[in-house]
Amino acid sequence: MTWKFHVFATTQRRMYSRILQVLESQMVEVHSFAGEARGAEICVSFLVSSPDDKAYRIKTLLYGLEGVQHVKAFADR
């Protein structure tokens, strides 16, 4: 199943890298990854192929990163 994520966080060093490390640790196929910095905040969007349980795990791991304020995940059924 394909999942689309939006991550909203405070701007911190290596935030993009830490998000990518979460995806790598879960061994999911990343179809797209884009980030935008807006002053003190960043928004990262990415599309991955993942089973439901792994997508929920990714969301939980993202919330565990310092500076992450909100994570939205949408299943593309």
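The values are calculated or read from the model by the stated rules, or taken from the named source; none is laboratory data. Treat the numbers as computed from the prediction; the structure is a model and nothing was measured. Here Cβ is always computed from backbone atoms with ideal geometry, including for glycine, and neighbour counts include all displayed protein chains. Each accessible area value is taken on the protein alone, full model and side chains, heavy atoms only, with ligands, DNA and RNA left out. Shrake-Rupley method; radii C 1.70, N 1.55, O 1.52, S 1.80 Å.
The listed residues are Gly39, Gly35, and the only one of them that is at pLDDT 95 or above and of a type outside the set (Phe, Trp, Tyr) turns out to be Gly35. Need pairs with beta-carbon distance below 8 Å; first residue closer than 16 Å to Ser50 by Cα and within the range 11-25, second open to solvent by less than 50 Å² (accessible area, probe 1.4 Å) and assigned to a loop (DSSP other than H, G, I, E, B); sequence gap 6+ or separate chains. Final answer for the pair search is Ile19/Leu65; Val22/Leu65. On inspection, Lys59 passes the criterion of being under 10 Å from the mean Cα position of the chain (by Cα), under 17 Å from Thr2 (Cβ atoms) and at pLDDT 95 or above.
Residues in the range 31-77 that are open to solvent by 60 Å² or more (accessible area, probe 1.4 Å) and in contact with a Cys (Cβ under 8 Å, 6 or more places away or on another chain): Glu36 alone. Applying a threshold of 7 Å to beta carbon distances and a minimum spacing of six or more residues, or different chains, the list of pairs starting in the range 37-60 at a residue that is more than 20 Å from Gln12 (Cα to Cα) and ending at one that is exposed (fewer than 11 other Cβ atoms within 10 Å of the Cβ) and not β-branched (Val, Ile, Thr) reads Leu47/Ser32; Val48/Glu29; Ser49/Glu29. Looking at the range 1-49, the strands (runs of 3 or more DSSP E) lying wholly inside it that each contain 3 or more residues that are in contact with a helix residue (DSSP H, G or I) (Cβ under 8 Å, 6 or more places away or on another chain) and over 14 Å from Gly67 (Cα atoms) sit at 29-38.
Under the condition of being within 17 Å of Phe74 (Cβ to Cβ) and surrounded by 15 or more Cβ atoms within 10 Å (Cβ to Cβ), the residues counted in the range 12-30 number 3.
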